[in-house]
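**Student:** The structure follows.
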């Protein structure tokens, strides 16, 4: 497939089994869903994409990111999981002329290929630049671009910063017991208590979240970073995150963002920072063992001007 034939096409999936390949589709609507996979799934239901969806080798992405064609992000959103990142992404998406790429599988696949040593740093950085350029094609004259990553991607910050030097990033965090209670509520108490390869599911989950926090602390020096506590949302989007990303609001836009904040994208009703009731002994034990230390360090960073 020649390079011009990809004009207007968007990578919706990267297959990582065998030789990596990119599936492309035509997206006829802006990226307005809370998660990219929702937009991609709807696009793939269109008869045109079912009949004519295209496939290329992974290196086709690098051409999308060549100088003059790559998208320059205005900001990145990282998080420890269950810490308000969906709300922040939706408020950013409500800004005029903005695109938010939210937890897109193609970016996740590129980072996974690098972690598996199937791509070099240079190849992965080029694929990230090209992948984001293709994901963020301007459909309605958009001027701003933000990326919300999966929680685990904070560990990939050195590579992401190499691909996109100078882009400011935010890390959202939350009181650990509330995070673990939220995980338990989503998985169900029985699933949360199961074991996998001899390791309790709740232990694995707490250790994974601790790893995200530790990675954020370890990489805090990479570029400009801002640490934001879930408890300060949604106001912190207006008072801290947007100014950090260099964005000033007029009264009309501020009201539009406040309207988004009055909707909770994961349940009905207004968004209110929710702290779960007193933790059960097991959750309290896990939080004390894995997360209280990193949480205290994150709070210190959030309080310190950077």
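**Student:** What distance in nm lies between label points placed 7 Å from Cα along the C-beta direction at residue 52 and residue 218?
**Tutor:** Distance between label points: 4.7 nm.
**Student:** Can you tell me which of 73-84, 46-57, 289-300 comes out highest on packing, and rank the rest after it, using the mean Cβ neighbours within 10 Å?
**Tutor:** In decreasing order of mean packing, 73-84, 46-57, 289-300 become 73-84, 289-300, 46-57.
**Student:** Another question, if that's okay. In degrees between 0 and 90, to the nearest 10, how far off the longest principal axis of the chain does helix 105-115 point, with axes built from Cα atoms?
**Tutor:** Helix 105-115 and the main axis of the chain meet at about 80 degrees.
**Student:** Kindly provide the helix-only [θ] at 222 nm of the chain, computed as the sum of -39,500 (n - 2.57) over DSSP H runs of four or more divided by all residues, to the nearest 500 deg cm²/dmol?
**Tutor:** The per-residue figure over the chain is -12000 deg cm²/dmol.
**Student:** Cα axis of helix 251-261 to longest principal axis of the chain: angle in degrees, 0 to 90, nearest 10?
**Tutor:** Tilt of helix 251-261: around 70 degrees.
**Student:** While we're on this one: Give, in nm to one decimal, the length gained when the segment between residue 252 and residue 280 is fully stretched (0.36 nm per residue of separation minus the Cα-Cα distance).
**Tutor:** Answer, rounded to one decimal: 5.7 nm.
**Student:** Beta carbons within 10 angstrom, averaged per residue: use that to sort the peptides 113-122, 225-234, highest first.
**Tutor:** 225-234, 113-122
Throughout, read-outs are computed from the coordinates displayed, never taken from laboratory work. Every value quoted in this text rests on a predicted model; they were computed, and no experiment measured them. With ideal geometry, Cβ positions are generated from the backbone for all residues, glycine too; neighbour counts draw on all protein chains shown.
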